[in-house]
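One structure is given below, encoded as structure tokens.
Bear in mind that the values in this text are calculations on the coordinates, not laboratory data. None of these values were measured; they are calculated from a predicted model. Neighbour counts are summed over all protein chains in view; Cβ atoms, including those assigned to glycine, are modelled from backbone coordinates with ideal geometry.
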Amino acid sequence: MRDFSLKSTITYKLYRQIILQLEDFLSTIGDIVIYGKEVLSLIFKRELDWKAIIEQCARFGVSSLPITLSIVGMSTVIVAMQVAGEMVKQGAGNYVGMLVTILTVREEGIIMSGFAIISMIGSSIASEIATMRVTEQIDAIKVLKVNPIRYLFVPRVLSGILMMPPVLVVASLVGIIGGGVAAHLASELSYRAYFESVWTGLFIKDINVAILKSIVFGFTIALISCVCGYNAKGGARGVGIATTKAVVWSFVGIVLWDLLFSIIFFF
Amino acid sequence: MGIEVKNLTKKFDNKTVINDISFKVESGEILAIVGFSGSGKSTVLKLICGLIEKDSGIIETSGDIAMVFQYSALIDSLNVEDNIAFALKERKDLRKKYTERQIKNIVKEKLALVGLSGIENKYPSELSGGMQKRVSFARAIVTSPNIILYDEPTAGLDPVSSTLIEDYIVRLKEETHAASIVVTHQMSTIMRTADKIIMLYNGNVVFTGTPQDLMRQDTPYTKQFVTASLEGPMTMLQN
């Protein structure tokens, strides 16, 4: 017999799906705020396990470095190759270094590092914690009266805060140097002309804002990844959903921060 | 006193999964909670140890609670020693109480108690299901709890490993004098470990008694459970 009830209609199902998505969206924002507050409170109370923090720093900084350097380096090389020839032709060769440096320090270095860290570290944090959730390891931690936020979140978030700035500095340096090599090869611009112009457009404010941004990005990526993993439900499918959600939310999170920083400091 | 539960009720969405149940477990006693899958047995344990919030009723417990999970729930990034010592190293009130040397000795002692000396450096993935279960026993008793909850302790184990686990449950009761609750639907576990039994069906207590009372099959519920019959008051569809 056909079901003619309200609940069987496509419109009802569509609205229900929208409401569920909205509910999930709002509850995720709520959780990020609540857990973020708790993590910061534990950090300020110095509830820290330095052994775990060092382990996570190695994972955040060292393990991610090859891929971060490759992505930032290659994207800067691509930009330098594309603009150097044209700028030299227009007689603006002396500004290539400046342009690449401003672009790398203000934007490309940090956003590309963020994307690399999200893909490599954020996804791994989310899937690790989600697996712990669905295999009852987090329940076991709670029954043993250990605070799971202190044990799981604090080392990961703190390592994000501590390691993102050095990763950014190294990646930006590699990017700027790579840009110089690319500009030289693409347009025969001398290294001297390139590296002299590097300093022309770079101000202390740019470096400070980039460092501050990297700290905020590190905090955001690690926190969102932890929260998404922690709230995982179900089995293997739940781990997959949590990991995807962590990656997507982290991308959106850092782009929103980037926009906010641009409005505050450069608008 | 170990555990006293009075008029406990829990709903998920609008479905009542635990309906006004009451029972008491004294120190040194083992209560088996039995019933078909989906009858609310594991929910009772999660309510007692605080993993989920009750809707109404009273749960009175004395002292520390430990739980052995169905699939052991060992932390897979830690080796056996760190898993057993987890509460001693990470719990706020215990973190600075023991030295490294003392913790190592406690771990050795607990591992010996469950018959697994010398595996401190192995990781959970390197152990069999039965060994993982015994390590989780050692982790549970490391803080000398007054209450131990076992969620399907013999599920998925071969008969010999099941017998071994059942023996350890009784042995731990004798050595720790803890009040214990064993959630199971395996007859061997019920008969070899329980002092008393409650049977749940759709969140309601449908039988209370001893293992001997259960085996007498005096009620339609006990008869259906013991004979594993499809005929009787408990239908799987309702689960």
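Numbers at a glance
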{"quantity": "Helix A:10-44 axis, angle to chain A major axis (alpha carbon atoms, nearest 10°)", "calculated": "70 degrees"}
{"quantity": "Average beta carbon contacts from partner chains per residue of A:128-139, 10 Å cutoff", "calculated": "4"}
{"quantity": "In Hz, Karplus ³J(HN,Hα) per residue of the range A:141-147 (6.51, -1.76, 1.60; θ = phi - 60°; x = Gly, Pro)", "calculated": "4, 5, 5, 7, 6, 9, 6"}
{"quantity": "Pairwise FRET efficiency - A:ASP24 versus A:ASN208, Cβ, R0 = 56 Å, nearest 0.05", "calculated": "0.90"}
{"quantity": "Amide H contacts under 5 Å for B:SER39, placed H, 5+ residues apart", "calculated": "none"}
{"quantity": "Cα-based helix-to-principal-axis angle, A:204-230 vs chain A, degrees rounded to 10", "calculated": "20 degrees"}
{"quantity": "Ellipsoid equivalent to the range B:1-135 - semi-axes via the Cα gyration tensor, in Å", "calculated": "33, 18, 14"}
{"quantity": "Neighbourhood charge, 14 Å Cβ-Cβ cut-off, centred on A:GLU136 and excluding it, Lys, Arg +1 and Asp, Glu -1", "calculated": "+2"}
{"quantity": "Where the Cα pairs of the range A:39-159 fall when distances are cut into 5 Å bins, in %", "calculated": "2, 10, 15, 14, 14, 11, 9, 7, 6, 5, 4, 2, 1, 0"}
{"quantity": "Distant-in-sequence amide H partners of B:TYR201 (H built 1.01 Å from N, under 5 Å)", "calculated": "B:VAL206"}
{"quantity": "Length-normalised contact order for the range B:1-102 - Cα pairs under 8 Å, 6+ apart - percent", "calculated": "27 percent"}
{"quantity": "When the convex hull of its Cα atoms is projected in every direction, mean area for the range B:58-102 (nm²)", "calculated": "4.8 nm²"}
{"quantity": "Dipole moment magnitude, nearest 20 debye, the protein assembly as shown about Cα centre, only Lys, Arg, Asp, Glu C-beta charged", "calculated": "420 debye"}
{"quantity": "Cα-Cα separations in the protein assembly as shown greater than 30 Å, expressed as whole percent", "calculated": "59 percent"}
{"quantity": "Average Cα contact separation per residue, chain A, under 8 Å, 6 or more apart, as relative contact order %", "calculated": "30 percent"}
{"quantity": "Charge context of A:ALA182, other residues only, Cβ under 14 angstrom, K/R +1, D/E -1", "calculated": "-3"}
{"quantity": "Calculated log₁₀ intensity ratio I(q)/I(0) where the Debye formula runs over C-alpha points of the range A:213-267, q = 0.18, 0.30 Å⁻¹", "calculated": "-0.60, -1.08"}
{"quantity": "Relative contact order (%) - chain B, alpha-carbon pairs under 8 angstrom, separation at least six", "calculated": "28 percent"}
{"quantity": "Violating pairs (Cα-Cα greater than 29 angstrom) within the set A:LYS45/A:LYS145; A:LYS45/B:LYS41; B:LYS46/B:LYS133; B:LYS10/B:LYS97", "calculated": "A:LYS45/B:LYS41; B:LYS10/B:LYS97"}
{"quantity": "For the range B:64-188, diffusion coefficient by Stokes-Einstein and Kirkwood Rh (Cα), 20 °C, 1.002 mPa s, µm²/s", "calculated": "147 µm²/s"}
{"quantity": "Cα-based equivalent ellipsoid, chain B: semi-axes from gyration tensor eigenvalues, Å", "calculated": "32, 20, 16"}
{"quantity": "Choice from A:PHE25, A:PHE219, A:PHE195 with maximal GNM fluctuation in chain A (Cα, 10 Å cutoff)", "calculated": "A:PHE25"}
{"quantity": "Reference-scaled alpha-carbon Rg (2.2 N^0.38 Å with N residues) for the range B:1-61", "calculated": "1.08"}
{"quantity": "Karplus-derived HN-Hα couplings along the range A:72-83 (A = 6.51, B = -1.76, C = 1.60, θ = phi - 60°), whole Hz, x at Gly and Pro", "calculated": "5, x, 5, 5, 5, 4, 4, 4, 4, 4, 6, 8"}
{"quantity": "Reachable aspartates and glutamates from B:LYS196, criterion Cα separation under 13 angstrom, eight or more residues apart if same chain", "calculated": "B:GLU26, B:GLU29, B:ASP213"}
{"quantity": "Amide H contacts under 5 Å for B:TYR150, placed H, 5+ residues apart", "calculated": "B:VAL68, B:ILE181, B:VAL182, B:VAL183"}
{"quantity": "Long-range tail of P(r) for the range A:49-266 (Cα pairs > 29 Å, %)", "calculated": "34 percent"}
{"quantity": "Inter-chain shielding of B:71-84 (mean C-beta neighbours from other protein chains, 10 Å cut-off)", "calculated": "3"}
{"quantity": "Extension reserve of the B:LYS24-B:SER229 stretch, reckoned as 0.36 nm per residue once the Cα distance is removed", "calculated": "70.9 nm"}
{"quantity": "In sequence order, calculated HN-Hα J values of the range B:25-38 (Karplus, 6.51, -1.76, 1.60; Hz; x Gly/Pro)", "calculated": "10, 7, 4, x, 10, 10, 9, 9, 9, 10, x, 5, 4, x"}
